[in-house]
1. Hey, does the stretch 39-60 have a residue that's among the polar types (S, T, N, Q), assigned to a loop (DSSP other than H, G, I, E, B) and under 22 Å from Leu10 (Cα atoms)?
2. Any chance you could count how many residues in the stretch 59-105 are charged (D, E, K, R), within 27 Å of Glu46 (Cα to Cα) and surrounded by fewer than 13 Cβ atoms within 10 Å (Cβ to Cβ)?
3. What pairs come up if the first residue lies in the stretch 53-64 and is within 10 Å of Thr88 (Cβ to Cβ), the second is of a type in the set (Ser, Thr, Tyr), and their beta carbons are under 6 Å apart, counting only those six or more places apart or on different chains?
4. Does any residue of the stretch 66-78 turn out to be under 24 Å from Ser33 (Cβ atoms) and outside any helix (DSSP H, G or I)?
5. Check Ala37, Ala75 and return the single one that is modelled with pLDDT under 95, assigned by TED's automatic domain parsing to the domain that holds Ile7, of a type outside the set (S, T, N, Q) and farther than 17 Å from Ile7 by Cβ.
6. Look at Thr6 and say whether it is without any contact (Cβ under 8 Å) to a residue 12 or more places away in the chain, more than 25 Å from Glu96 (Cα to Cα) and among the β-branched types (Val, Ile, Thr).
7. Kindly list the number of the only condition in (1) surrounded by fewer than 17 Cβ atoms within 10 Å (Cβ to Cβ); (2) out of contact with any helix residue (DSSP H, G or I) (no Cβ under 7 Å at 6 or more places or on another chain) that fails for Leu27.
Amino acid sequence: MSNAMTIGTLARREGLTPETLRYYERLGLIVPSHRTASNYRLYDLEAARRLRFIRRAQALGFSLGQIGEMLALHARPESDMGAIRQLTDDTIADIEARIADLERMKTGLLAISQHCPGHGPAAECPILAALLAEDH
């Protein structure tokens with residue numbers, strides 16, 4: 001096999017660590033094309049293509065579980081694209097929820113930050129006081 005690469009070669013080529021590739025293999029996201037007589041994993045160009053897919057999907061917010069589902073759907077040409085659309089819509093909803101959480105966090109931080117003069121003894125810091133306050 002002329003395009004066969006060891007795990008180290010593939011990892012360097014794709015900017016990942018061999019440990020990451022082994023993890024993806026355990027999850028079933030990539031598979032070695034074959035093993036050598038001494039049991040070294042060898043990967044082909046399809047594995048490199050899948051790794052690029054995984055990285056692009058992760059960059060858009062898909063979980064590894066969702067990515068596995070998409071790869072499985074892609075492997076079955078008769079699959080309906082509605083399942084992929086649902087995964088995408090679920091990811092959008094998750095991102096919107098995280099944005100709302102971040103906005104709440106920002107609002108809370110702004111509220112306590114405005115009370116701190118930014119100088120003086122830390123023991124008198126209103127930010128620490130707010131965080132240490134017991135709810136009644």
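The values are calculated or read from the model by the stated rules, or taken from the named source; none is laboratory data. What you are looking at is a predicted structure, and each value in this text was computed from that prediction instead of being measured. Neighbour counts run over all protein chains shown; Cβ positions are idealised from the backbone, glycine included.
1. Yes; the residues of the stretch 39-60 include at least one that is among the polar types (S, T, N, Q), assigned to a loop (DSSP other than H, G, I, E, B) and under 22 Å from Leu10 (Cα atoms).
2. Matching residues across the stretch 59-105 total 4.
3. These pairs meet every condition: Gly61/Thr91; Phe62/Thr91.
4. yes
5. Ala75
6. No: the conditions fail for Thr6.
7. (2) is the only condition that Leu27 fails.
To keep it simple, each residue is scored yes or no on (1) closer than 15 Å to Phe62 by Cβ; (2) hydrophobic (A, V, I, L, M, F, W, C); (3) touching a helix residue (DSSP H, G or I) at 6+ places or on another chain (Cβ under 6 Å).
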| site | (1), (2), (3) |
| --- | --- |
| Met81 | no, yes, no |
| Arg85 | yes, no, no |
| Asp101 | no, no, no |
| Ala111 | no, yes, no |
| Glu124 | no, no, no |
| Ile127 | no, yes, yes |
| Asp135 | no, no, no |
